[in-house]
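Here's the structure we're looking at; comments come further down.
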């Protein structure tokens, strides 16, 4: 039994994902709400900055999924039974703990996330809750990307996927159901002792992806999609030269400053910021003719004049107070 055949045995663990809702079957417009200052940096450097989840509000979400999953693996008698002998069960747990520790102590340090919000094609105003939460309380901008302009390469360490929203209880139930499904598959397989690590790795990957792409139901109106960089998938270290830092209110934070330009064997040959930008919306608190003229000037100075035709002004009657 070869390695690929063993991994394919556990493909049903991904059955809860709706293919029609995933990239590339679905190619939505995705908006990134931010400050004008951040937009200036994006345009000046042709860079999109991905953040480390350890420095984001979402860190508890990631910890919840991965840590709860690890605890279940170590505690469930059903897993021991599925392994058929205590010795095989211990071997499996050791392998799973290895992958957990590798992620917790190494990979998470260079895992990076870029957060976006599903954006209707006929919407030139943006979502008020997003302006308040992420768009400088209406004084910022939303840069809207067209994912239809992205070329999907299976070898890419960047994953684009929709975030799911559930209560903590529902997420625990998902973990329990996934464990039960995995145990049934493992019990019915005849995996040699020396290949058990493949089953452990497959289970950990499923739990890790669940943790990275799930949030508490209280955030559901954000309609979030994420671009996530996974260092273990970057075998050729194509993006390592883009590892950088930012000095902010919490001190020095790691960043991945992704250059929006062609990368051989990684992106399309014509990748550019202009190509993937569908529109830029000025926030409702700065939606004036003067702001539009000033933004035009900024785009000219930053050598991005082709984006001027993509500027839109939000008409939401909202003005920030204070």
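None of the figures in this text is laboratory data; all of them are computed from the coordinates on show. All values reported here derive from a predicted model rather than from experimental measurement. Backbone-built Cβ (ideal geometry, glycine too); neighbour counts: all protein chains shown.
Both numbers refer to the Cα atoms of the stretch 178-259; Rg and Dmax are 18.3, 53 Å. Just checking the listed ones, 55, 145, 99: in the Gaussian network model of the chain with Cα springs under 10 Å, the one fluctuating most is 55.
Here 241, 129 are placed in order of increasing Cβ neighbour count within 10 Å, fewest first, which gives 241, 129. For the chain, the 222 nm mean residue ellipticity estimated from helices alone, with every DSSP H stretch of n ≥ 4 adding -39500 (n - 2.57) and the total spread over all residues, rounds to -12000 deg cm²/dmol.
Taking the Cα of residue 17, stepping 7 Å toward and past its beta carbon, and measuring to each backbone N in the stretch 39-75: which are under 18 Å? Counting only backbone N, you get 62, 65-66. Compared with the alpha-carbon gap, the fully stretched path from residue 24 to residue 293 is longer by 93.2 nm at 0.36 nm per residue. Cβ crowding within 10 Å, taken as a proxy for footprinting-reagent exposure, orders 201, 240 from fewest neighbours to most as 240, 201. Mean-square fluctuations from a GNM of the chain, with a 10 angstrom spring cutoff on Cα atoms, peak among 218, 248, 140 at 248. Could you point to the label whose value was computed as volume of the Cα convex hull per residue in Å³ for the structure here, given [x] 131; [y] 146; [z] 203? Correct label, based on the coordinates given: [y].
Between 47, 78, 61, where does the largest GNM mean-square fluctuation fall for the chain, given springs only between Cα atoms within less than 10 Å? Of 47, 78, 61, the Gaussian network model singles out 78 as fluctuating most. Against the chain, whose longest principal axis comes from its Cα atoms, helix 168-188 is set at around 40 degrees.
For the pair residue 45 and residue 217, the difference between a 0.36 nm per residue extended length and the Cα-Cα distance amounts to 58.4 nm. The residue 101 and residue 303 beta-carbon pair, evaluated with R₀ = 41 Å, returns a calculated FRET efficiency of approximately 0.35. Peptides 168-177, 264-273, 280-289 ranked from most to least packed by the mean count of surrounding Cβ atoms within 10 Å: 280-289, 168-177, 264-273. For the stretch 92-197, the convex hull spanned by the alpha carbon atoms encloses 200 Å³ per residue. Net length available on complete extension from residue 169 to residue 193 is 5.2 nm, with 0.36 nm assigned per residue and the Cα-Cα distance removed. Placing a pseudo-label 7 Å from each Cα along the Cα-to-Cβ vector at residue 181 and residue 159 gives an inter-label distance of 1.4 nm. The ranking of 144, 163, 80 from fewest to most other beta carbons within 10 Å of each one's beta carbon is 80, 163, 144.
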